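What follows is one structure encoded as structure tokens, with my remarks underneath.
The values are calculated or read from the model by the stated rules, or taken from the named source; none is laboratory data. This structure is a prediction, so every number in the text was calculated from the model and none was measured. Positions of Cβ are backbone-derived with ideal geometry, glycine not excepted, and every protein chain shown enters the neighbour counts. Each accessible area value is taken on the protein alone, full model and side chains, heavy atoms only, with ligands, DNA and RNA left out. Shrake-Rupley method; radii C 1.70, N 1.55, O 1.52, S 1.80 Å.
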Amino acid sequence: MDSLLIKGGTPLRGEVTISGAKNAVLPIMAATLLTQETCVIRRVPDLSDVRFMAQILAWLGAEVHVKNGTVRVTAKKIKGSGDYDLVRKMRGSICIMGPLLGRLRKATVSLPGGCIIGARPINLHLKGFEALGAKVVIDSGYVEASAKKLKGAPVFLGGRSGSTVLGTANVIMAAVLAEGVTVIESAACEPEVVDLVTFLNAMGAKITGAGSPTITITGVERLHGAEHEVIPDRIEAATYAIAAAATHGEVTLRGVRPEHMHAVLDKLNMAGVKISREGTNLTVGRNGRLKPVDITTLPYSGFPTDAQAQMMALMTLTPGISIITERIFESRFMHVSELTRLGADIEIEGPSAIVKGGKPLSGAPVMASDLRASAALVIAGLAARGTTQVNRVYHLDRGYESMDLKLRQLGARIERVEET
Ligand code: EPU
């Protein structure tokens, strides 16, 4: 398994172009299953999760071409079930279920288990399918949804932590070809859901209200091919912004949508980080001491859980106490023990981490446990004295396009050590 060797202490300086959003492109790729015609998706990041989704689509029978950030899919004839274990490998692939049910009236996938960040049930996805008239059966580790006919209906998708992002995507995609009107209440408001809806509407769907908790889908008979450019990745942008602040650097993030980043930018601003905006470029820098800030993760437009670990890394460098509360995923604190290995002082109390920041970090070998935890360890390593070795880099490759290369271009001393 590859690892990253980071010699810390160099401020990041320069410009970095933000890639397309992983969490937008995965459901959009799944949505191409809803039509027999060709769909073209641009600004697709080169990530292992994207390659995996391409494999799933191909396995289902679609023709898939991925080249230079463009994915072209033609799903003329597809199958909706089979003996495969794909969803367990990448949880995001659960979003093939909605389109398969919508188009074929039948979808069988292996039931995703929990993962390192929490239990991650899919009860709300299944509740939505049932509301549309599907019969859902769970048997031998598989979940099958099938319906003779899907009929539009009211669907309430609120759960214990607010709404569900992929659940909203799945129910929308099952409802676009249903008969009649579906109204989703307590829908996820994330920009990635809005991007999916933009793509579906370009395919001929009739969906209004995306970005609000009420989304209305008027079923249509068929969808056609469409072209789409994926939104920039707000979490990748947040990660580089935090890394700039952590290293006393100044970085211009090119091609972002600052309006998707209010919660993160507000907290950085409160912490004393300087941020200036020019169109779709954001320049983030730091010259003085930072102040601690308390953070609670929430559904959009609250502070994103996907930037919690990175922000914690920054707070370990900030003199004072900050309290970071995780409200979306119950065990998303796997980075805490590894940050502690670098010298951070963090205690976990229920859903909160109490960070006593300001002690200097020093490099050490650390183990990445999930995608965002890995990003936090890279940020800490960039700011620490000495050398940090981040093991299991495949987690980072799932969600950050060429992170080591991008960081090197910003002046970081970071090398990928390939497994021989
Ligand atoms: N939940 C339920 N029932 C369900 C679905 C979700 O109780 O049927 C709960 C979850 O357990 C969690 C909360 O609802 O407590 C929110 O989960 P959600 O369903 O919104 O998460 P997701 O759609 O599976 C996506 C992203 C995650 C991101 C979350 C929250 C993709 C591929 N994944 O997951 O991204 O953390 O939304 O914003 O879009 C990441 O990129 O590192 C990542 C984990």
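Points worth noting:
- All positions within the stretch 59-81 that are touching a strand residue (DSSP E or B) at 6+ places or on another chain (Cβ under 7 Å) and surrounded by fewer than 14 Cβ atoms within 10 Å (Cβ to Cβ): GLU63, HIS65
- Subset of the stretch 25-58 that is over 13 Å from GLY399 (Cβ atoms) and among the hydroxyl-bearing types (Ser, Thr, Tyr) - its residue that is nearest to the chain's Cα centre (by Cα): THR32
- Test for VAL176: is it within 14 Å of the ligand (Cβ to nearest atom), closer than 18 Å to PRO213 by Cα and at pLDDT 95 or above: no
- The listed residue being in contact with a Ser or Thr (Cβ under 7 Å, 6 or more places away or on another chain), open to solvent by 30 Å² or more (accessible area, probe 1.4 Å), within 16 Å of the ligand (Cβ to nearest atom) and acidic (Asp, Glu), out of GLU130, GLU144, GLU185: GLU185
- Residue under evaluation THR168, criteria (1) within 12 Å of the ligand (Cβ to nearest atom); (2) open to solvent by 10 Å² or more (accessible area, probe 1.4 Å), criterion not met: (2)
- All strands (runs of 3 or more DSSP E) inside the stretch 204-304 with 3 or more residues being open to solvent by less than 40 Å² (accessible area, probe 1.4 Å) and more than 16 Å from the ligand (Cβ to nearest atom): 250-254, 281-285
- Among the residues of this structure, PRO112 counts as one that is within 16 Å of the ligand (Cβ to nearest atom) and in contact (Cβ under 8 Å) with a residue 12 or more places away in the chain.
- Qualifying residue in the stretch 171-179 (condition: open to solvent by 20 Å² or more (accessible area, probe 1.4 Å), farther than 19 Å from CYS39 by Cβ and not basic (Lys, Arg)): yes
- Count of residues meeting criterion [surrounded by fewer than 21 Cβ atoms within 10 Å (Cβ to Cβ) and touching a strand residue (DSSP E or B) at 6+ places or on another chain (Cβ under 8 Å)] in the stretch 94-121: 5
- Looking across SER362, SER331, SER369, SER337, one residue alone is among the polar types (S, T, N, Q) and crowded, with 16+ Cβ neighbours inside 10 Å. It is SER369.
- Among the residues of the stretch 305-338, the ones that are within 16 Å of the ligand (Cβ to nearest atom) and among the hydroxyl-bearing types (Ser, Thr, Tyr) come to 3 in all.
- Residues in the stretch 377-410 that are open to solvent by 10 Å² or more (accessible area, probe 1.4 Å) and small (Gly, Ala, Ser): ALA383, GLY386, SER402.
- So LEU34, is it within 16 Å of the ligand (Cβ to nearest atom) and of a type in the set (A, V, I, L, M, F, W, C): no
- Residues that are over 24 Å from GLU221 (Cα atoms), within 21 Å of the chain's Cα centre (by Cα) and part of a helix (DSSP H, G or I) do not occur anywhere in the stretch 66-80.
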